[in-house]
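To keep things clear, I will list the structure first and then write my remarks on it.
The values are calculated or read from the model by the stated rules, or taken from the named source; none is laboratory data. Nothing here was measured: the structure is a model prediction, and the numbers come from that model. Backbone-built Cβ (ideal geometry, glycine too); neighbour counts: all protein chains shown.
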């Protein structure tokens with residue numbers, strides 16, 4: 001919460017306002033946010049229809065059960081992508097340089113962006129989990145926490161790898177594949193832990209392998225993996241942001 | 001206000017040092033111009049003075065304190081206009097200034113007043129993405145002034161501006177000096193430096209060994225000669241006279257009385273001449 005101690009309420013409000021205006025005035029960002037946040041609602045609403053359709057066409061009976069992890073994680077990924085694109089713009093168009101010579105500083109600004117993103121992703125995941133996993137209430141908070149870190153990972157990856165906005169758009173297609181990472185945990189064999197370096201794997205591990213009663217050890221491993229990757233990406237990001 | 005002593009700096013993986021023993025002072029309330037070829041280290045010097053680059057050698061004091069020792073509150077007292085626009089393109093000019101104003105902890109200036117100073121008041125509600133480069137640069141300057149700073153760093157402040165707008169900007173820079181602000185400016189534009197700077201320094205090979213007022217530099221590097229052109233029957237003729245004992249020079253006095261004089265001016269160097277003389281041998 002340090003960013004909210006660094007920033008005064010007016011500063012926080014003005015930064016949030018500027019980001020909201022930037023998103024509203026760029027249809028691509030707005031549409032991505034909209035899609036991300038409506039997907040869990042659509043899956044919940046049309047669950048039986050989707051299952052019936054996939055059963056008749058591809059022979060999978062409860063497709064929606066597998067799609068839950070995707071629908072759960074996609075809002076966070078898209079919010080992370082939107083934030084990453086905003087950060088790329090801030091770097092390419094120059095505001096980040098101007099922010100560096102204000103009392104808030106580049107570090108304060110990145111903290112603001114990360115915390116705000118994590119909070120939005122946390123709330124979105126909590127909402128999605130409430131819709132998609134009513135039978136596993138014990139998982140809602142830990143999943144929301146991990147997936148909020150996942151969203152920060154996405155935004156950091158975008159800025160750490162992409163040299164400009166065009167590359168950022170191209171990279172988004174690869175990053176969206178990360179929404180499938182939890183499905184790796186469906187392999188019911190010990191070798192599936194080779195995928196343990198992929199943070200999203202642990203989301204699947206919590207969803208598919210752990211019963212409704214939360215396994216603290218799995219959560220702790222997931223947390224360490226997420227934080228480790230986050231720290232690594234943060235270092236690259238700081239280097240890329242000059 | 002700024003005191004740099006024996007400053008040295010080399011960028012990572014660079015083969016040569018950008019700064020190698022640079023020393024200069026910027027006094028309170030003056031406009032100091034740092035001039036030099038591209039890549040000579042002008043922006044690097046400014047960045048060190050702003051506390052944006054660490055790991056430099058030598059001593060850098062700003063407001064009498066070592067750079068970086070004041071923490072982030074240091075930025076409440078400085079304003080920076082970078083060489084390139086640093087603005088939120090999807091926000092309007094007014095939204096940009098209000099946002100940046102909110103990021104400072106002290107009192108700030110009225111955004112509309114600043115926009116008016118730089119002739120942008122009618123474009124206050126226009127998105128910055130629709131601005132020309134010159135307009136963005138003027139808005140950049142408004143942004144740098146929003147916190148009413150004591151010390152201003154201006155990097156090529158009139159880049160991309162037409163002559164009329166560039167004059168408006170130069171007038172504002174002089175007005176800021178009258179208000180007591182200190183201005184540390186870098187530019188390629190020698191005419192601009194000549195017009196607005198109290199003192200200039202030429203940064204060559206990482207050092208600024210020549211620092212003086214533009215007037216002194218022009219005199220030192222020019223000729224003490226008066227050039228007179230006269231109307232001749234077929235073409236104009238050019239005569240030069242040494243400035244020493246000019247009042248007793250009979251040829252000159254005869255020319256004065258002849259009524260044939262077209263133009264008459266001293267041949268002091270321009271700041272361009274001084275620049276070429278001092279930095280001309282340096283490859284960009």
For region B:85-111, give me the residue count where each residue is free of Cβ contacts under 8 Å to residues at least 40 places away in the same chain, assigned to a loop (DSSP other than H, G, I, E, B) and under 21 Å from residue A:85 (Cβ atoms). 2
Can you tell me which residue among A:124, A:98, A:118, A:144 is part of a helix (DSSP H, G or I) and over 11 Å from the mean Cα position of the chain (by Cα)? A:98
For region A:96-115, does any single residue satisfy the condition of being modelled with pLDDT under 80, away from chain B (no Cβ under 14 Å) and surrounded by fewer than 21 Cβ atoms within 10 Å (Cβ to Cβ)? no
Which listed residue is closer than 14 Å to residue A:98 by Cα and either within 9 Å of chain A (Cβ to nearest Cβ) or touching a helix residue (DSSP H, G or I) at 6+ places or on another chain (Cβ under 6 Å) (or both), from B:114, B:145: B:145
Restricting region B:31-60 to residues that are part of a loop (DSSP other than H, G, I, E, B) and in contact with a strand residue (DSSP E or B) (Cβ under 6 Å, 6 or more places away or on another chain), the one farthest from residue B:274 (Cα to Cα) turns out to be B:56
Would you mind listing the helices (runs of 4 or more DSSP H) fully within region A:162-242 where at least 1 residues are out of contact with any strand residue (DSSP E or B) (no Cβ under 8 Å at 6 or more places or on another chain) and under 20 Å from residue A:133 (Cα atoms)? A:199-204, A:216-240
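Only one residue in A:12, A:87 is at pLDDT 80 or above and surrounded by 21 or more Cβ atoms within 10 Å (Cβ to Cβ), so which one is that?
The match here is A:87.
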Please determine whether any residue of region A:135-147 is free of Cβ contacts under 8 Å to residues at least 24 places away in the same chain and crowded, with 21+ Cβ neighbours inside 10 Å. yes
Looking only at region B:65-83, and only at residues there that are free of Cβ contacts under 8 Å to residues at least 40 places away in the same chain and part of a loop (DSSP other than H, G, I, E, B), the one that is farthest from the other protein chains (Cβ to nearest Cβ): B:69
Name the helices (runs of 4 or more DSSP H) wholly inside region B:178-284 in which the number of residues that are touching a strand residue (DSSP E or B) at 6+ places or on another chain (Cβ under 6 Å) and under 30 Å from residue B:47 (Cα atoms) is 2 or more. B:190-196, B:271-279
